[in-house]
Amino acid sequence: MLTKTTASDKTRMLLDEAALDAARHSPEQGAVTPHFGPWRDDIVTLLNGALATEIVCVLRYKRHHFTAAGLASPAIAAEFLVHANEESAHGDRLAQRIVQLGGEPDFSPNTLLARSHAAYDESADLKAMIKANLVAERVAIEAYSQMITLIGDKDSTTRRLLEDILGDEQNHAEELKDWLAE
Ligand SMILES: [Fe+2]
Ligand SMILES: [Fe+2]
């Protein structure tokens with residue numbers, strides 16, 4: 001026998017009218033609406049950690065680009081600069097999102113390395129440079145993957161941004177791994 005099931009109020013897909021009303025009455029908060037709940041500050045902190053990581057990656061890749069120029073593979077030296085520019089673009093997108101969330105992007109050089117997940121590196125040898133960059137990319141991949149899981153459905157715009165950056169870091173790591181094997 002078929003029984004008709006009716007969703008109780010708790011399981012129905014209803015919008016939160018009080019939150020909609022709060023959104024109507026606080027235009028000074030720009031893109032930040034009640035949906036963020038208590039998570040906005042944590043998201044800004046996560047994004048600032050990612051921003052510091054990207055800036056340290058820019059510095060490391062630039063150092064490697066210029067010091068590898070006289071070494072065996074000019075193609076790899078050139079690719080280090082391509083990576084530096086891509087990490088810089090990641091940093092810009094993170095800073096832009098932080099501002100959109102009403103936060104402050106932290107570019108302070110005093111605390112940059114301490115806040116970065118990835119390390120700076122001054123290796124003189126090409127293989128050591130490639131390895132240091134691969135390790136840094138792997139750390140970035142792990143950090144972005146964890147952030148994506150933490151953010152989940154709390155902020156889909158930030159999650160999509162992080163997913164996009166994660167894809168680039170995975171490409172970087174794959175490329176470095178291939179060079180290391182050559
Ligand atoms: Fe990056
Ligand atoms: Fe990268």
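The values are calculated or read from the model by the stated rules, or taken from the named source; none is laboratory data. The structure displayed is predicted, hence computed values, not measured ones. Note that we place each Cβ from the backbone using ideal geometry, even for glycine, and neighbour counts take in every protein chain shown.
R138 - would you say it is of a type in the set (K, R), out of contact with any helix residue (DSSP H, G or I) (no Cβ under 9 Å at 6 or more places or on another chain) and either under 16 Å from I43 (Cα atoms) or surrounded by 12 or more Cβ atoms within 10 Å (Cβ to Cβ) (or both)?
Values: of a type in the set (K, R): yes; out of contact with any helix residue (DSSP H, G or I) (no Cβ under 9 Å at 6 or more places or on another chain): no; either under 16 Å from I43 (Cα atoms) or surrounded by 12 or more Cβ atoms within 10 Å (Cβ to Cβ) (or both): yes.
No; evaluated as a whole, the condition is false for this residue.
Considering the range 148-176 alone, what residues qualify as being among the basic types (K, R), at pLDDT 95 or above and either in contact with a helix residue (DSSP H, G or I) (Cβ under 6 Å, 6 or more places away or on another chain) or crowded, with 17+ Cβ neighbours inside 10 Å (or both)? Full working, then the answer.
Restricting attention to the range 148-176, the residues satisfying the condition of being among the basic types (K, R) are 154, 159-160.
From what is left, the residues that are at pLDDT 95 or above are 159-160.
Within the range 148-176, R159 is the sole residue that qualifies.
If I filter the range 98-109 for residues that are polar (S, T, N, Q) and surrounded by fewer than 17 Cβ atoms within 10 Å (Cβ to Cβ), do I get at least one hit?
Just the residues of the range 98-109 that are polar (S, T, N, Q), to begin with: 100, 108.
Filter once more, keeping what is surrounded by fewer than 17 Cβ atoms within 10 Å (Cβ to Cβ): 100, 108.
Yes; the residues of the range 98-109 include at least one that is polar (S, T, N, Q) and surrounded by fewer than 17 Cβ atoms within 10 Å (Cβ to Cβ).
Which one of E54, E104 is within 15 Å of ligand 1 (Cβ to nearest atom) and over 15 Å from T157 (Cα atoms)? Even if it seems obvious, please write down each step before you answer.
Values: E104 fails: within 15 Å of ligand 1 (Cβ to nearest atom).
When all the criteria are applied, what remains is E54.
Of T45, T67, which residue is within 23 Å of L112 (Cβ to Cβ), at pLDDT 90 or above and under 24 Å from the mean Cα position of the chain (by Cα)?
Details: T67 fails: under 24 Å from the mean Cα position of the chain (by Cα).
Result: T45 is the single residue among T45, T67 that is within 23 Å of L112 (Cβ to Cβ), at pLDDT 90 or above and under 24 Å from the mean Cα position of the chain (by Cα).
So if I check each of I76, I55, which one is at negative phi, more than 14 Å from ligand 2 (Cβ to nearest atom), surrounded by 17 or more Cβ atoms within 10 Å (Cβ to Cβ) and in a helix (DSSP H, G or I)?
Details: I55 fails: more than 14 Å from ligand 2 (Cβ to nearest atom).
Just a single option satisfies the conditions, and that option is I76.
Any idea which of K154, K131, K177 is basic (K, R) and away from ligand 2 (no atom under 16 Å from the Cβ)?
Numbers: K131 fails: away from ligand 2 (no atom under 16 Å from the Cβ); K177 fails: away from ligand 2 (no atom under 16 Å from the Cβ).
That would be K154, the only listed residue that is basic (K, R) and away from ligand 2 (no atom under 16 Å from the Cβ).
Can you list residue pairs whose Cβ atoms sit under 6 Å apart, with the first residue in the range 77-99 being farther than 19 Å from D42 by Cβ and the second being away from ligand 1 (no atom under 13 Å from the Cβ)? Count only pairs 6 or more apart in sequence or on different chains.
Going by the 6 Å Cβ cut-off, the qualifying pairs are A77/H65; A77/A68; A77/A69; F80/H64; F80/H65; L81/H65; A84/K62.
Is it true that some residue in the range 21-42 is closer than 30 Å to L126 by Cβ, at pLDDT below 95 and of a type in the set (S, T, N, Q)?
Our first condition is that a residue be closer than 30 Å to L126 by Cβ; within the range 21-42, this holds for none.
Within the range 21-42, not a single residue is closer than 30 Å to L126 by Cβ, at pLDDT below 95 and of a type in the set (S, T, N, Q).
Would you check if I151 is aliphatic (A, V, I, L, M), within 13 Å of L47 (Cα to Cα) and away from ligand 1 (no atom under 14 Å from the Cβ)? Lay out the reasoning, then the answer.
Numbers: aliphatic (A, V, I, L, M): yes; within 13 Å of L47 (Cα to Cα): yes; away from ligand 1 (no atom under 14 Å from the Cβ): yes.
Spelling it out, I151 is indeed aliphatic (A, V, I, L, M), within 13 Å of L47 (Cα to Cα) and away from ligand 1 (no atom under 14 Å from the Cβ).
What number of residues within the range 110-135 are in a loop (DSSP other than H, G, I, E, B), exposed (fewer than 14 other Cβ atoms within 10 Å of the Cβ) and either of a type in the set (D, E) or at pLDDT 95 or above (or both)?
Looking only at that region, the number is 4.
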